[in-house]
Amino acid sequence: MITIFFVMTAAAKPLSLLSLSLISLLLGILLSFGGRATAQEEEELFTQKEVETEARRYIDQKSQEHQGVFLFQDPVENQAIPLLFDRIRLVRTIAGYGYFAAVDFREKGFEPPKPYELDFWFKPRGKKLILMDIRIHKVPRKEGSEWVLVSRLPVPWWWLPVSEHPGHTEYKRAWEVKAAIHEYLADKIREGGGVLRIKDEKTGEEIPLEFVEIHNPVRRIPDKDYFACTDFREKGEPEKIYDIDFWLAEKDGKLVVDQVKIHKAPEKEDGRWIQVERYSFEADKPVIVP
């Protein structure tokens, strides 16, 4: 913000009309620049229609690459599901966290239809909507001769605020911790070309990891940091599952990932991969974050 003060002494002459016009012009220019600077610091607001358009554009683009099929790689089951688009059911927003489009699909080749519901998470970055991640919210379950949709557990963190009581709490909620981790991961995975690259402190090697999911529950060490465990699989090695802990500190009211640690690493035993614990946090007496 720029403030300009004009001081007139007793001996000063009244300002001419030309001088007043020049001053008005100067003020207009300065206010214009100040307004634009403020706007650049804030995230752009998008309408429901704009979010729907961006989701549909992405779905159409990916479907064209596979002869009309939206081929979704399910990170939990580690399988590609050939999906056909039905509709965008709704768009929700959480202030500061982005937009969430719930999209209905059906799996190709099934009659009666085998439905899925996928959530597309978009976040404003400047004047653009960035696709952060896609997660399955509901999966099909057979009941008699029909398929019905049921929520996959754990549900994506953006559905958790709906079930909470509003109001201020002393500590961050579990969904806020998950949201901070997920945003950190989405950015790092984009930078890493689709994988999270971390250095194994024990072996010294860099491991390319594919994100699977964030565990429940979220925990915190009393009067210290929050943390959550996550599952990753090594790229090209689907049976090699890593348990990675993300530790977060609160800085200026915002949760920031400040430590990433391998909690459990895969080791081969009798021809199969098992997870071996690297460290334990139980001595710190962690508490569950609701």
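The values are calculated or read from the model by the stated rules, or taken from the named source; none is laboratory data. Just so you know, these numbers come straight off a predicted model, no measurement behind them. So basically every Cβ, Gly included, is an ideal-geometry build from the backbone, and we count neighbours across all protein chains shown. The accessibility values were calculated without ligands, DNA or RNA, using every heavy atom of the protein model including side chains. Shrake-Rupley method; radii C 1.70, N 1.55, O 1.52, S 1.80 Å.
So which residues in region 188-207 are over 24 Å from SER280 (Cα atoms) and either free of Cβ contacts under 8 Å to residues at least 12 places away in the same chain or in a strand (DSSP E or B) (or both)? If the condition is that a residue be over 24 Å from SER280 (Cα atoms) and either free of Cβ contacts under 8 Å to residues at least 12 places away in the same chain or in a strand (DSSP E or B) (or both), then LYS188, ARG190, GLU191, GLY193 are the ones that fit.
Would region 125-141 turn up any residue that is in a loop (DSSP other than H, G, I, E, B) and either farther than 30 Å from PRO286 by Cα or open to solvent by 30 Å² or more (accessible area, probe 1.4 Å) (or both)? Yes, because at least one residue in region 125-141 is in a loop (DSSP other than H, G, I, E, B) and either farther than 30 Å from PRO286 by Cα or open to solvent by 30 Å² or more (accessible area, probe 1.4 Å) (or both). Please indicate, with yes or no, whether at least one residue in region 225-242 is modelled with pLDDT under 95 and more than 29 Å from ARG152 (Cα to Cα). There is no residue in region 225-242 that is modelled with pLDDT under 95 and more than 29 Å from ARG152 (Cα to Cα). Please verify whether region 49-72 includes one or more residues that are out of contact with any Lys or Arg (no Cβ under 8 Å at 6 or more places or on another chain), open to solvent by less than 50 Å² (accessible area, probe 1.4 Å), part of a loop (DSSP other than H, G, I, E, B) and at pLDDT 95 or above. Checking region 49-72: at least one residue is out of contact with any Lys or Arg (no Cβ under 8 Å at 6 or more places or on another chain), open to solvent by less than 50 Å² (accessible area, probe 1.4 Å), part of a loop (DSSP other than H, G, I, E, B) and at pLDDT 95 or above. Of all residues in region 260-290, exactly one satisfies the criterion of being among the acidic types (Asp, Glu) and on the phi > 0 side of the Ramachandran plot, namely ASP270. If you go through region 84-109 and keep only what is out of contact with any helix residue (DSSP H, G or I) (no Cβ under 9 Å at 6 or more places or on another chain), surrounded by 12 or more Cβ atoms within 10 Å (Cβ to Cβ) and aliphatic (A, V, I, L, M), you end up with just ALA102.
Number of residues in region 223-252 that are open to solvent by less than 40 Å² (accessible area, probe 1.4 Å), closer than 20 Å to GLU183 by Cα and basic (Lys, Arg): the value is 1. You will find that of SER24, SER19, the residue that is open to solvent by less than 70 Å² (accessible area, probe 1.4 Å), assigned to a helix (DSSP H, G or I) and either touching a Lys or Arg at 6+ places or on another chain (Cβ under 7 Å) or modelled with pLDDT under 95 (or both) is SER19 and no other. The requirement of being more than 19 Å from GLU277 (Cα to Cα), at pLDDT 95 or above and open to solvent by 40 Å² or more (accessible area, probe 1.4 Å) is satisfied by ARG197.
What do you reckon, is TYR279 of a type in the set (Phe, Trp, Tyr), open to solvent by less than 50 Å² (accessible area, probe 1.4 Å) and in contact (Cβ under 8 Å) with a residue 24 or more places away in the chain? Please lay out each step first, then the result.
Details: of a type in the set (Phe, Trp, Tyr): yes; open to solvent by less than 50 Å² (accessible area, probe 1.4 Å): yes; in contact (Cβ under 8 Å) with a residue 24 or more places away in the chain: no.
For TYR279, the condition - of a type in the set (Phe, Trp, Tyr), open to solvent by less than 50 Å² (accessible area, probe 1.4 Å) and in contact (Cβ under 8 Å) with a residue 24 or more places away in the chain - is not met.
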